[in-house]
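Worksheet: the structure to be examined is printed underneath.
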Amino acid sequence: MTTATTLQIRSKGTLTLPIELRRKYGLEEGELITLIDLEDGSFLLTPGVTKVDRFGDRVAKAIADAGASVDDILTALDEERERYYQERYVQD
């Protein structure tokens, strides 16, 4: 069942989630909530960080741990794209 809750934007743009929602979803102070702009004047709030954000953070960490730069990654992608094209589409 869908329910609606009215929130007020306070100073510095802060919102307070009602205690019922915080308890229902196990949200505590400092928890992250993802806001998705649906582009029609509507927003969607989801508890936690989206899987895309989490995956992006893991990729960024792996890149940093490997000591790679953005240029290194782009070069590797170009090389892999060319290799794939040669293997799939170029006749010998």
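Data table
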read-out	value
Counted residues, the stretch 13-65 - those being open to solvent by 80 Å² or more (accessible area, probe 1.4 Å) and among the small types (Gly, Ala, Ser)	0
Given (1) in a loop (DSSP other than H, G, I, E, B); (2) in contact with an Asp or Glu (Cβ under 9 Å, 6 or more places away or on another chain), number of the condition ILE63 does not satisfy	(1)
One residue from THR2, THR50, THR16 being among the polar types (S, T, N, Q) and at pLDDT 85 or above	THR16
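The values are calculated or read from the model by the stated rules, or taken from the named source; none is laboratory data. Bear in mind the structure is a predicted one, so any value in this text is a computation, not a measurement. When we count neighbours, we look across all protein chains shown, and the Cβ atoms used for this are built from the backbone with ideal geometry, even at glycine. Side chains are part of the model used for accessible areas, which takes the heavy atoms of the whole protein and leaves out ligands, DNA and RNA. Shrake-Rupley method; radii C 1.70, N 1.55, O 1.52, S 1.80 Å.
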